[in-house]
Every structure is written in C-alpha cells, then in structure tokens.
Amino acid sequence: EAPKKAETEKVLRVGTEPAFAPFEFQKEGSDEFTGFDMDLIRAIGTKLGYKVEISSMGFDALIPALNSGNIDVAIAGMSITDERKKVVVFSDPYYTSGLIVMVKKDDDTIKGFSDLEGKRIAVQIGTTGANKAGEVKNAKVTAFNDNTAAAMELKNGGADAVINDSPVLKYYLQQGGSADAKVVGAVMNSEDYGIAVKKGNDKLAAEINKALAEMKQNGEYDKLYKTWFGE
Ligand code: GLN
C-alpha cells in the first residue's frame, strides 16, 4: 500500500511593513519580525491551525497585495478607516491609537498641529498621518516609504515636523530619538487598528475575530499588551 500523502499544512500568508516599532520591526542584525502585531498574528494563526508566514512590503503595497491574493492578511498598525473599508474587510479592533506631531527638540514655535501652517511636514506614504498633513494650509508635505525615513528627515533638518501614530513616535523617542526630537500637542484622531483581509473573505475575518475574542477573554491579549506597552 502506498504511504498516505502528508496532509498539506494550512499556511496563513501575512503581510506587514516592518519599520513600525513596537508593532512590527526587526531587531538589529536579525531577519525575524518582532513586535506586538507579530506576536498577535502568530498567536491567532496558531490558534486557527495555520502555519504563519510573514513577508514584508511597503505600507502602500499591503492592500494591493491582499486584493491580488498574494497575501491572506495584512497586519501593520493599520487604522480602520471608512475609505479602506471600501476595499478590504477589517477584523474587530485590536488596539486604539491616534496621531501626534513630532518636532525638533529645540523647536519652540510648533506647539501642536495648529502651528503647522506653511511648515515642511514629513509623513509615511499612504497613512492616516499623511492624510492629516494634507489638511494643513500651505504646508510642504513629503511622503517617505517608512516612518524611520520620515524621522530621519526631521533629524537632518529637511522637515519641521513629522505626523504619524502616537505610540510609534513615542517608542522612537524612547529608543534614543529624544536626543533630537519631541512630540507636541494632543493625540489627534482616535483610530483603531484592525487586521485586514481581502474583500469577500468574511470567513477568514470571522475566524480571526473568534481567535481575538478568545485571546481577550483568556488573558493572552493582556499578557501581550503588557509585554509591549507595560501596564
Ligand atoms: N495607523 C496608520 C495608518 O493606518 C499608520 C500605519 C503604518 O504606518 N504602519 O495609516
């Protein structure tokens, strides 16, 4: 009798943009994807019986990759917005975020979003922060591929401000960025992060929601949250 063919392992193809610590990043000298989102999607995938395979791409490439079927899910600190809901399906929210303004440490003129008129603003391409910068009168907005490059532009004097997600900019400051930069003003636009799947793949979204709910209920989610954000 011929040996039975091994059952094919179910693979969950995950896409992310890994310059967004503490949600997704690669530690220096390592290819491994780490961070809150990475732990979360690995736990969800494992719970659902998938082998989780993570690949990296530009933030603005994630939704096209979902729609072309190259990846099954995108997790990248992606805010649930009405515009994105037209093209993808989001899981239930898993983290509440918001936007903030970061300026040079010695800047006394920009105290918040309302002081940005006419300024040079560095943003990350395709993000809610980029949209927010677009609301500023006479600003010169430059979009970079990732948050690290936008922060670098501020440091190098090519921009007066950066707008991006508050937890990410605050983490950047904690990790040494505070030598040159600071955040100013209030956190703007309460935004919820969601895990995105291709439109029509409601089955996968429902599976993800079930796993997420279970993790919130049994303390796994809280444990992960504490690991990455403290109490
Ligand atoms: N939360 C922001 C957005 O969804 C930024 C996400 C990111 O840069 N990874 O646009």
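Rounded to whole Hz and in sequence order, give me ³J(HN,Hα) for region 162-173 from the Karplus expression 6.51 cos²θ - 1.76 cosθ + 1.60, θ = phi - 60°, writing x for Gly and Pro.
Values, residue by residue: 10, 10, 7, 5, 4, x, 6, 5, 5, 5, 4, 5 Hz.
Just the number: Rg to Rh for region 1-104, Cα atoms, Kirkwood Rh, two decimals.
Looking at region 1-104, the ratio lands at 1.06.
Cα atoms only: what Rg and Dmax, in Å, come out for region 121-204?
Looking at region 121-204, its Cα Rg and Dmax stand at 14.6, 48 Å.
Report ³J(HN,Hα) in whole Hz for each residue of region 101-109, in order, from the Karplus equation J = 6.51 cos²θ - 1.76 cosθ + 1.60 where θ = phi - 60°; Gly and Pro get x.
9, 10, 10, 5, 4, 8, 7, 9, 8
For region 58-135, divide the Cα radius of gyration by the Kirkwood radius and give the resulting Rg/Rh value with two decimals.
1.05
Roll a 1.4 angstrom probe over the protein heavy atoms and tell me the percent of accessible area of region 98-191 that is carbon or sulfur.
Roughly 46 percent, rounded to a whole number.
Report, in listed order, any pair from LYS86/LYS155; LYS170/LYS203; LYS51/LYS132; LYS51/LYS86 with a Cα-Cα distance greater than 31 Å.
Among LYS86/LYS155; LYS170/LYS203; LYS51/LYS132; LYS51/LYS86, the Cα-Cα distance tops 31 Å for LYS86/LYS155; LYS170/LYS203; LYS51/LYS132.
Considering the chain as a Gaussian network with a 10 Å cut-off on Cα pairs, which listed residue, ALA161, ALA61, ALA21, attains the greatest mean-square fluctuation?
ALA61
About the Cα centre, and with charges only on the beta carbon of Lys, Arg (+1) and Asp, Glu (-1), how big is the dipole of region 145-231? Nearest 20 debye, please.
Result for region 145-231 is approximately 160 debye, rounded to the nearest 20.
Using 0.36 nm per residue of separation minus the Cα-Cα distance, give me the extension gain between ARG42 and GLN174 in nm, one decimal.
Working it through step by step, the gained length comes to 44.9 nm.
When the convex hull of the C-alpha atoms of region 73-185 is computed, what volume per residue in Å³ does it have?
In region 73-185, the Cα hull volume divided by residue count equals 108 Å³.
Relative to the Cα centre, what is the charge dipole magnitude of the chain, using +1 at the beta carbon of each Lys and Arg, -1 at the beta carbon of each Asp and Glu, and rounding to the nearest 20 debye?
With only Lys, Arg, Asp and Glu charged at Cβ, the dipole is about 300 debye.
Given ILE125, GLY219, MET38, which one lies farthest toward the positive end of the charge dipole of the chain, if we put +1 on the Cβ of every Lys and Arg and -1 on the Cβ of every Asp and Glu?
ILE125
Apply the Karplus parameterisation 6.51 cos²θ - 1.76 cosθ + 1.60, with θ equal to phi minus 60°, to every residue of region 112-127 and state each ³J(HN,Hα) to the nearest whole Hz, in sequence, with x for glycine and proline.
Each residue of region 112-127 in turn: x, 4, 6, 9, 8, 3, x, 8, 8, 10, 9, 9, 9, 4, x, 9 Hz.
Apply the a/c threshold of 1.5 to the C-alpha gyration tensor of region 47-94 and tell me whether it is rounded, prolate or oblate.
It is oblate, given that a/c is not under 1.5 and a/b is not larger than b/c.
Beyond 24 Å between alpha-carbons counts as too far, so tell me which of LYS198/LYS226; LYS140/LYS182; LYS104/LYS226; LYS104/LYS137 fall in that bin.
As for pairs spanning more than 24 Å Cα to Cα, those are LYS198/LYS226; LYS104/LYS226.
Using the heavy atoms of the protein chains alone and a 1.4 angstrom probe, what is the accessible area of the chain per residue in square angstrom?
Per residue, the chain has 51 Å² of solvent-accessible surface.
Select from region 106-209 those trypsin sites (Lys or Arg not before Pro) which occupy a DSSP coil region and have at most 12 other Cβ atoms within 10 Å, ordered by residue number.
LYS111, LYS137
Taking the Kirkwood radius as the inverse of the mean 1/r across Cα pairs, report the Rg/Rh of the chain.
That ratio equals 1.02.
Using a simple charge model, +1 on the beta-carbon of Lys and Arg, -1 on the beta-carbon of Asp and Glu, nothing else, what dipole does region 98-191 show about its Cα centre, in debye to the nearest 20?
For region 98-191, the charge dipole is close to 60 debye.
The values are calculated or read from the model by the stated rules, or taken from the named source; none is laboratory data. Predicted, not measured: the structure shown is a model, and the values here were computed from it. Neighbour counts run over all protein chains shown; Cβ positions are idealised from the backbone, glycine included. Ligands, DNA and RNA are stripped out before the accessible areas are found, and what is left, the full protein with its side chains, is counted by its heavy atoms. Shrake-Rupley method; radii C 1.70, N 1.55, O 1.52, S 1.80 Å.
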